[in-house]
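Data first, discussion second: the structure below is written as structure tokens.
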Amino acid sequence: MKAEIIGIRNGIIGVKVVDPRGNLHLVEIDIEEKGTNHTHAQESYPLDPKNQTEEQQSIMNQVEARARFEAHTQTSYDILLSDWDPRQLRRGIDALEKMPLDQFDDAFREYYHALINPERTKQEYGITEGAVEFEGEPRIALVMKGFCINDKNEVVDVLPDMYIYYSKEDIEETYTTGTPASCSEDTTQVTPMVPPFVEVPEDFVYPEDFRGFLINNLICQIRDIYRNMGETPPKQYDIEGYGKPKGNFDRDEY
């Protein structure tokens, strides 16, 4: 997609986007609004989402994501959270790469054990049959563990708690538990987010390989940020692995 800032007035950023079909969209982004409810004008697709095809809805969502990305990267305003800014995730990768291995071990050992032993994690977080919002045996879908980096791309803190998504095999809705803690204002939060291991490979060496595993996840998150806005990821990020849990793209296609 092609995107261009066309003006900033009264706290509103105007962005022109041309979608993959060559259709023009005008998106107005409120710099105070951190959500996704923006004015989106176009004349190519039905205005009511109920009358749009699945593909048209996907394009509309990708256009809005592309407009937000343009507004965030081409102005001085913070429109995106750090987890949706490839530059911040790249800084997180750099921080993990240069983190001394013994410090990495101390910081992420709990996270590693939560992923290789999800049954114990379910007990610790009360994700058990009879204690959750639905009947039947719950399963952990995703475990998130944030860390904080400074301006020198150094890990200065690892958030104490994990944030967990859980569900059940036959339902689509997910539920959460844990504490969605955040970093201090003078640091940047980066959050690996991965499902539990199905099994640990025999040749997997902790902590070295686990650090590589988390770096792989952050690379794949960058990949999915581009896919989320209908873009082809840069070659160095277009790799296999688990990235964002959801986005404006067909995961089965990849």
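Of everything in region 228-242, what is surrounded by fewer than 11 Cβ atoms within 10 Å (Cβ to Cβ) and not in a loop (DSSP other than H, G, I, E, B)? Give them in sequence order.
Pass one, region 228-242, residues surrounded by fewer than 11 Cβ atoms within 10 Å (Cβ to Cβ): 232, 235-236, 240.
Correct list: LYS235, GLN236.
Quick check on my filter: what residues within region 73-106 are open to solvent by less than 20 Å² (accessible area, probe 1.4 Å), farther than 24 Å from PRO207 by Cα and under 14 Å from the mean Cα position of the chain (by Cα)? Residues satisfying the conditions are ASP85, PRO86. Filtered by the rule that a residue be touching a residue at least 12 places away in the same chain (Cβ under 8 Å), out of contact with any Lys or Arg (no Cβ under 9 Å at 6 or more places or on another chain) and more than 25 Å from LYS122 (Cα to Cα), region 178-188 gives CYS183, SER184, ASP186, THR187. Of everything listed in (1) assigned to a helix (DSSP H, G or I); (2) of a type in the set (S, T, N, Q); (3) under 21 Å from LEU101 (Cα atoms), the single unmet condition for GLN123 is (3). Of the strands (runs of 3 or more DSSP E) lying entirely inside region 148-212, those containing at least 3 residues that are open to solvent by 30 Å² or more (accessible area, probe 1.4 Å) and at pLDDT below 95 are 175-178. Taken over region 133-143, the criterion of being surrounded by 20 or more Cβ atoms within 10 Å (Cβ to Cβ) and under 16 Å from the mean Cα position of the chain (by Cα) is satisfied by VAL143 alone. On inspection, ARG109 passes the criterion of being open to solvent by 60 Å² or more (accessible area, probe 1.4 Å), closer than 23 Å to MET144 by Cα and in a helix (DSSP H, G or I).
The values are calculated or read from the model by the stated rules, or taken from the named source; none is laboratory data. Fair warning: this is a prediction, and the values are worked out from it, not measured in the lab. Using ideal geometry, Cβ is built from the backbone for each residue, glycine included, and neighbour counts are taken over all protein chains shown. Keep in mind that these areas ignore ligands, DNA and RNA; they rest on the heavy atoms of the full protein, side chains included. Shrake-Rupley method; radii C 1.70, N 1.55, O 1.52, S 1.80 Å.
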